[in-house]
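J.: One structure, as structure tokens, below. Some questions next.
The values are calculated or read from the model by the stated rules, or taken from the named source; none is laboratory data. Since the model is a prediction, treat every value here as computed from it, not as a measurement. Please note: Cβ atoms are built from the backbone with ideal geometry, for glycine as well, and neighbour counts cover all protein chains shown.
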Amino acid sequence: MFDWNPNDPDATKVHYDVSAWTIDQRAELSEALADDDIAHVWEGDELVVPEEVEQQTDALFARLEAVLGPFAVALAEDEPSVEFGLDEWPSTDRDTLTAAFVEGGIPHRWADTTVFVDAQAEKVVDELLDSIESGTLVVAGAAAGEGPPEEALSTLFSSADRLAKDPDDQTGQVDLAEMLDAIDLGHPPYGVAAGTWSKVIEVGGRLIDLCDDKEADPSDAIGVAQELRTLVRQYV
């Protein structure tokens, strides 16, 4: 690392806005900068490096993006933007929208439950909002290894199939309960729409409740098991 005075008014500096990055991504960046001996300072949410190491820093960003990315693109407050108030949306849907922004490289910034996006991307964002509301948008994060266990869909199907034949089947009940504990609403399997995944989890929960209820009509559990089996059949 060469001597560099970031306060030198004659020094040319290069700024990288990482305000939209997660805490973990910034930590990885800081560690990589130290490992590569790149001179730098932080100015709020901006990484500042001397012009002499710009090419080296660009290469570092490219390397990190290949491993951790894609990264969110921040939208500056003085850039033309369109505002969308999403206070009535569940947090999982807002997370899905953010993942879509990141995957699509759409500049944006959040202010509580209101999101500001690049004005040029208004039409694209309108389509994303419609897709999320209709349940047809696949969560991007699932493709990056953030989804449920690999056997989730096959286990859900086999459990539903067992319980559709016999609601008292202990293997089916245990396998279904354990899998429901291992999955979450915000991370559907790759290729499964968010709305469909939400329905799968909701129906699975109802099925477990019916199986646990000793006073419930077995035919009710069989009907719900058949519904769950139908939902996941196309994915196994």
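J.: Look through 87, 93, 35 and report the one residue that is among the acidic types (Asp, Glu) and crowded, with 18+ Cβ neighbours inside 10 Å. Spell out the reasoning first.
T.: Details: 87 fails: crowded, with 18+ Cβ neighbours inside 10 Å; 35 fails: crowded, with 18+ Cβ neighbours inside 10 Å.
None of the other options fit; the residue is 93.
J.: Among the residues of segment 163-176, write down those that are in contact with a helix residue (DSSP H, G or I) (Cβ under 6 Å, 6 or more places away or on another chain), part of a helix (DSSP H, G or I), under 13 Å from residue 225 (Cα atoms) and without any contact (Cβ under 8 Å) to a residue 60 or more places away in the chain.
T.: To start, the set of residues in segment 163-176 that are in contact with a helix residue (DSSP H, G or I) (Cβ under 6 Å, 6 or more places away or on another chain) comprises 163-164, 167, 169, 172-173, 175-176.
Add one more test, that the residue is part of a helix (DSSP H, G or I), and what stays is 163-164, 172-173, 175-176.
Still in the running and under 13 Å from residue 225 (Cα atoms): 163-164, 172-173, 176.
Selection gives 172, 173, 176.
J.: Then there's this: Tell me the residue from 96, 114 that is of a type in the set (Val, Ile, Thr), within 26 Å of residue 198 (Cα to Cα) and at pLDDT below 90, please. Break it down into steps so the answer makes sense when it comes.
T.: Working: 114 fails: at pLDDT below 90.
After applying the criteria, what remains is 96.
J.: Would you tally the residues in segment 23-78 being outside any helix (DSSP H, G or I) and charged (D, E, K, R)? Steps first, please.
T.: To start, the set of residues in segment 23-78 that are outside any helix (DSSP H, G or I) comprises 36-50, 69-78.
Subset that is charged (D, E, K, R): 36-37, 43, 45-46, 77-78.
Final tally of qualifying residues: 7.
J.: Identify all residues within segment 96-116 that are surrounded by 14 or more Cβ atoms within 10 Å (Cβ to Cβ) and either in the same structural domain as residue 20 (by TED's automatic domain parsing) or among the charged types (D, E, K, R) (or both); write none if there are none.
T.: Narrowing segment 96-116 to residues surrounded by 14 or more Cβ atoms within 10 Å (Cβ to Cβ): 96-104, 106-110, 115-116.
103, 109, listed by residue number.
J.: Separate question: Could you figure out which of (1) of a type in the set (A, V, I, L, M); (2) surrounded by fewer than 16 Cβ atoms within 10 Å (Cβ to Cβ); (3) touching a Lys or Arg at 6+ places or on another chain (Cβ under 8 Å) isn't true of residue 160?
T.: If we test residue 160 against (1) of a type in the set (A, V, I, L, M); (2) surrounded by fewer than 16 Cβ atoms within 10 Å (Cβ to Cβ); (3) touching a Lys or Arg at 6+ places or on another chain (Cβ under 8 Å), just (2) comes out false.
J.: For segment 89-122, name all the residues that are in a helix (DSSP H, G or I) and β-branched (Val, Ile, Thr).
T.: Here is the first cut: in segment 89-122, the residues in a helix (DSSP H, G or I) are 91-104, 119-122.
Matches in segment 89-122: 92, 96, 98, 102.
J.: Being out of contact with any helix residue (DSSP H, G or I) (no Cβ under 7 Å at 6 or more places or on another chain) and within 16 Å of residue 71 (Cα to Cα) is the filter here; which residues of segment 22-46 pass it?
T.: Scanning segment 22-46 gives 22, 23, 24, 26, 27, 30, 45, 46.
J.: Within segment 41-68, can you find the residues that are without any contact (Cβ under 8 Å) to a residue 40 or more places away in the chain and touching a Pro at 6+ places or on another chain (Cβ under 8 Å)?
T.: 41
J.: Among residues belonging to segment 70-81 that are surrounded by 16 or more Cβ atoms within 10 Å (Cβ to Cβ) and out of contact with any Gly (no Cβ under 6 Å at 6 or more places or on another chain), point out the one that is farthest from residue 111 (Cα to Cα). Step through it out loud before you land on a result.
T.: Taking segment 70-81 as the starting set, the residues that turn out to be surrounded by 16 or more Cβ atoms within 10 Å (Cβ to Cβ) are 71-75, 81.
From the residues that got through so far, the ones that are out of contact with any Gly (no Cβ under 6 Å at 6 or more places or on another chain) too are 71-72, 74-75, 81.
On the way: 71: 19, 72: 15, 74: 12, 75: 12, 81: 13 Å.
For segment 70-81, the residue satisfying everything is 71.
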